[in-house]
Every structure is written in C-alpha cells, then in structure tokens.
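The values are calculated or read from the model by the stated rules, or taken from the named source; none is laboratory data. Computed from a predicted model, the values in this text were never measured in an experiment. Cβ atoms come from the backbone with ideal geometry, glycine included; neighbour counts cover every protein chain shown.
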Amino acid sequence: MTTHMSGSGVKKRLVGIDLFRGISAYAVALIHAGSLMLYSGIPTNNVTAALVEMSRFAVPFFLALSFYLMTKKLYTSNQQHSLVSIFKSRSERLLVPYFYWSIIYFSVRLVKSLSTSENLSKLFQDPVLLIFLGGASIHLYFLPLLFTGSFLIVFAEFLVKKRISLRMLFVLFLASLFIYELQIVSGNGFDFFAKFGVNCLEVTNSCSVAFQQFTQLIFPSGNKNQILRIGLVVIAWLLKCLPYILLAMIINHPYIRTKIENLDINKAVILLIFMAGLSALNLMNIDKIIYFPQSIYELGTAFCLLLSGIALSTRFSNNRYIENLGICSFGIYLIHYLVLMIYVSLMGKIPDELLRISPISIMLTLTSITFITSWLITSMSMRIKPISKLLFRV
C-alpha cells in the first residue's frame with residue numbers, strides 16, 4: 001500500500017498512484033482482450049493492434065511501482081534483508097496467491113477439456129511451466145517474475161551500505177539498461193511464447209523460456225534439461241528487473257527525492273506527454289520505421305507514469321472510488337483473464353449481425369465490461385476475509 005502521513009498523523013493513500021494502478025490493470029485487460037479476439041476469430045485490425053501495443057506500459061509500471069516501494073526506506077532504515085527473510089515475506093505476498101490462482105485457472109482448463117472430450121494428458125506435457133512459470137494462465141508469470149526480482153533488494157542494500165555515489169548509481173543503471181537491451185535484441189530475453197499459437201501446456205518448452213539463441217548454439221536439437229531452463233529464466237528475470245531496481249534507488253535517493261516531492265501538476269502533464277512520445281516511438285520501432293530500444297520504452301513509460309502519479313498525489317485529495325480501485329488492482333489483474341474468457345465465449349453465441357461494428361468498439365466494450373466485472377468481484381470478495389487473504393493477500 002502506498003501511503004504518506006497527513007497532518008493529523010493518519011496514513012493517506014497516494015491518489016495518483018492508485019489511479020494509475022487501475023489504468024494499468026485496464027491496459028492488461030485490453031492486451032489480453034486483443035489476444036483472445038485474435039484466437040477466437042473476432043475481427044481485429046491495425047487500430048486494435050496499435051492500441052494493444054500502446055497498452056504494454058502496464059507490466060513495466062507494476063514492476064517500477066513494486067521496486068519503488070521496496071527501495072523507499074533504503075536510505076533511512078538500517079534494516080538488512082536476508083535471502084531467507086525475503087523468501088518468507090515475498091512467498092506469502094506473491095507465491096500463495098500464485099498457487100491458488102494457478103489451481104483456479106488450471107481447473108478451468110481441465111473442465112474445458114472434459115467438456116470437449118480432449119485428451120487430458122495434453123495438459124500435463126510441461127509440468128515445469130505449470131508449476132513454476134505461470135503456465136496455468138498467460139498473465140500469472142508476473143508473480144514469479146516479481147518474486148525473483150525481489151531478491152535484488154539484497155544487492156541494493158549492499159550498494160547503500162558501501163555508500164555508493166549517485167553518479168556511480170546512475171552509471172550502474174545505464175550499464176544494466178544496456179545489458180537488458182542487448183539481451184532483447186540478441187534474442188536471449190524471456191519469451192512467454194517461444195512458439196506462437198501453440199498450446200503451452202501441450203508442448204514442452206513452447207512457452208516461458210529464455211536465452212533461446214544461446215541454447216540453440218549449445219543444444220542444436222533443443223534443450224530438454226528443465227533445471228537449466230528454470231535457471232536461464234531466473235537469470236533473464238534478474239537482468240530484466242535490475243535496471244528497474246537501480247532506477248528506483250535513484251528516485252529514492254535523498255537528493256533526488258527532494259526534487260520529486262516538488263513536482264507539480266504541470267510536470268505531471270509533461271511526463272505523460274513524454275510517455276506518449278515514447279509509445280509513439282515504440283510503435284514506429286514495431287513497424288520497422290526506426291529503431292528504438294525496447295528497454296528505454298519499458299522503463300521510460302513505467303517511470304514517467306510513476307513520477308506523474310506521485311506528482312498528482314501531492315495535488316489532489318483522496319477519492320474513495322480511486323482508493324478502492326488501487327486496493328483492488330492486484331485482484332483485478334489476477335481475475336480479469338477468467339472473466340474475459342467467459343465474455344469471449346458468450347460472444348461466440350451472439351449472431352454475427354450484431355457484431356458488425358468496428359473492431360475497436362468491440363475491443364473497448366469487451367475490455368470495459370471485463371474490467372468493471374473484475375473490479376466488482378474483487379471488491380466484494382475482499383469483504384470476505386478468508387477469500388481476501390488466500391487470493392489477494394489483503
């Protein structure tokens with residue numbers, strides 16, 4: 001929870017951060033709506049494809065926010081985290097809901113296979129993916145990704161303990177950004193879909209793999225070693241998260257933090273315009289008009305949104321709907337894909353005549369009703385303590 005102390009000593013949420021949490025959750029729903037429309041034969045076009053690509057700031061923002069909160073007290077607290085303490089705390093926060101949501105999504109797949117008389121053995125061809133890498137549903141990989149990246153806080157504390165200068169911290173950030181971009185362009189990053197269009201659970205190593213170019217050189221016939229697969233994915237995730245935590249350390253540095261606290265509404269608008277510019281450059285990169293580093297797009301959009309949220313929070317008072325949206329954003333992220341699958345299956349029963357509207361209208365309608373339904377379900381579920389604790393860790 002993101003808070004600051006009001007004059008009365010009561011903790012107050014940052015309204016801008018809560019707002020952008022909700023917007024990012026909506027963006028994730030839109031991305032997956034686009035994917036399911038494509039797989040289900042629902043019409044799409046270049047506009048829907050562009051909107052999907054412009055929504056890819058969402059996961060980077062959640063990473064940036066998570067590491068910003070992790071490093072917030074880095075310079076003011078003497079607390080040292082051990083690997084064991086991180087494992088315990090992050091397991092409770094991330095792995096417990098990951099475990100239960102994996103069961104939920106896998107159960108849905110199981111029921112769907114039974115209803116269509118499919119061979120159930122197909123669902124068990126990649127147990128490593130299913131158990132460790134978020135294979136039960138496309139979006140669950142984020143939880144083990146964030147869990148893995150959380151261990152970098154030990155490295156961050158080491159740097160602070162050594163009294164690293166702000167300049168050297170910035171050099172380390174640029175180096176980590178370069179390494180991450182090199183990993184992407186060389187084809188050695190983390191790939192959720194190594195073989196696009198393949199049912200992930202039916203074909204081993206078709207999803208959630210890393211360092212594909214490297215492994216193809218070492219194992220021309222394919223890597224069958226699952227321990228190596230997990231190890232390479234962990235390394236890829238750490239390299240992905242490293243620039244995030246270093247930039248979060250820079251933002252939370254006492255000197256920079258005083259500057260950020262003085263950001264106003266005008267600076268927030270400028271940051272959002274800059275973010276839009278980065279998104280436009282990323283679209284041009286995808287269309288091969290120009291080359292623009294994906295790493296800069298990811299971190300640039302994520303931290304522009306983060307800083308804009310901080311700036312807005314200092315200028316606007318709390319709103320109970322936005323506060324509830326921020327609290328529910330984690331739950332919305334987890335449940336939205338289940339809701340989305342239900343709505344897409346229902347759309348298959350609607351006569352084609354009623355679907356003769358523009359693809360962008362279908363996408364936005366599908367995303368909006370999915371988002372609102374997910375928000376309502378999450379908000380109501382959080383009132384039931386056992387469900388809230390098991391599924392959302394709230």
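For (1) over 26 Å from Gln212 (Cα atoms); (2) modelled with pLDDT of 95 or more, each residue gets a yes or a no:
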residue	(1), (2)
Gly135	no, no
Phe142	no, yes
Leu145	no, yes
Ser150	no, yes
Lys162	yes, no
Val171	yes, yes
Ala175	no, yes
Ile179	no, yes
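Any idea which of Gly326, Gly331 is under 24 Å from Glu261 (Cα atoms), within 19 Å of the chain's Cα centre (by Cα), surrounded by 19 or more Cβ atoms within 10 Å (Cβ to Cβ) and not hydrophobic (A, V, I, L, M, F, W, C)? I'd like the intermediate steps shown before the answer.
Numbers: Gly331 fails: under 24 Å from Glu261 (Cα atoms).
Exactly one residue qualifies, and that residue is Gly326.
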Subset of segment 184-198 that is of a type outside the set (Gly, Ala, Ser) and out of contact with any strand residue (DSSP E or B) (no Cβ under 9 Å at 6 or more places or on another chain) - its residue that is farthest from Leu299 (Cα to Cα): Phe196
Pairs, first over 8 Å from Ser308 (Cβ atoms) in segment 261-272, second at pLDDT below 90 and surrounded by fewer than 16 Cβ atoms within 10 Å (Cβ to Cβ), C-beta under 8 Å, six or more apart: Asp264/Arg315; Ile265/Arg315
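Being modelled with pLDDT of 95 or more, surrounded by 15 or more Cβ atoms within 10 Å (Cβ to Cβ) and more than 24 Å from Ser77 (Cα to Cα) narrows it down to one residue among Ala302, Ala280; which is it? Show your work before the answer.
On the way: Ala280 fails: surrounded by 15 or more Cβ atoms within 10 Å (Cβ to Cβ).
Step by step, each of Ala302, Ala280 is checked, and only Ala302 is modelled with pLDDT of 95 or more, surrounded by 15 or more Cβ atoms within 10 Å (Cβ to Cβ) and more than 24 Å from Ser77 (Cα to Cα).
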Identity of the residue in segment 359-394, hydrophobic (A, V, I, L, M, F, W, C) and not in a helix (DSSP H, G or I), that ends up farthest from Ala50 (Cα to Cα): Ile384
Selection within segment 44-58 - more than 13 Å from Ala280 (Cα to Cα) and of a type outside the set (A, V, I, L, M, F, W, C): Thr44, Asn45, Asn46, Thr48
Residue match in segment 292-305 (condition: part of a loop (DSSP other than H, G, I, E, B), under 30 Å from Ile103 (Cα atoms) and not hydrophobic (A, V, I, L, M, F, W, C)): no
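So which residues in segment 298-337 are within 30 Å of Leu174 (Cβ to Cβ) and without any contact (Cβ under 8 Å) to a residue 40 or more places away in the chain?
If the condition is that a residue be within 30 Å of Leu174 (Cβ to Cβ) and without any contact (Cβ under 8 Å) to a residue 40 or more places away in the chain, then Gly300, Cys304 are the ones that fit.
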Segment 284-293: number of residues that are surrounded by fewer than 17 Cβ atoms within 10 Å (Cβ to Cβ) and touching a residue at least 60 places away in the same chain (Cβ under 8 Å): 1
Residue, surrounded by the fewest Cβ atoms within 10 Å (Cβ to Cβ), within segment 30-59, restricted to residues that are under 17 Å from Asp352 (Cα atoms) and in contact with a Gly (Cβ under 8 Å, 6 or more places away or on another chain): Ser40
Residue match in segment 376-392 (condition: within 20 Å of the chain's Cα centre (by Cα) and modelled with pLDDT under 95): yes
Positions within segment 194-238 being within 23 Å of Leu177 (Cβ to Cβ) and in a loop (DSSP other than H, G, I, E, B), in sequence order: Phe211
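Out of curiosity, is Ser77 surrounded by 14 or more Cβ atoms within 10 Å (Cβ to Cβ), modelled with pLDDT under 95 and farther than 25 Å from Leu390 by Cα? It would help to see each step written out before you state the result.
Values: surrounded by 14 or more Cβ atoms within 10 Å (Cβ to Cβ): no; modelled with pLDDT under 95: yes; farther than 25 Å from Leu390 by Cα: yes.
No; evaluated as a whole, the condition is false for this residue.
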Which listed residue, of Phe158, Phe99, Phe173, Phe87, is surrounded by 18 or more Cβ atoms within 10 Å (Cβ to Cβ), in a helix (DSSP H, G or I) and aromatic (Phe, Trp, Tyr): Phe173
When residues of segment 344-358 are limited to those that are assigned to a helix (DSSP H, G or I) and touching a residue at least 40 places away in the same chain (Cβ under 8 Å), the one nearest to Asn46 (Cα to Cα): Leu355
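Can you pull out every residue in segment 90-111 that is among the β-branched types (Val, Ile, Thr) and within 14 Å of Leu146 (Cα to Cα)?
Taking segment 90-111 as the starting set, the residues that turn out to be among the β-branched types (Val, Ile, Thr) are 96, 103-104, 108, 111.
Selection gives Val96 alone.
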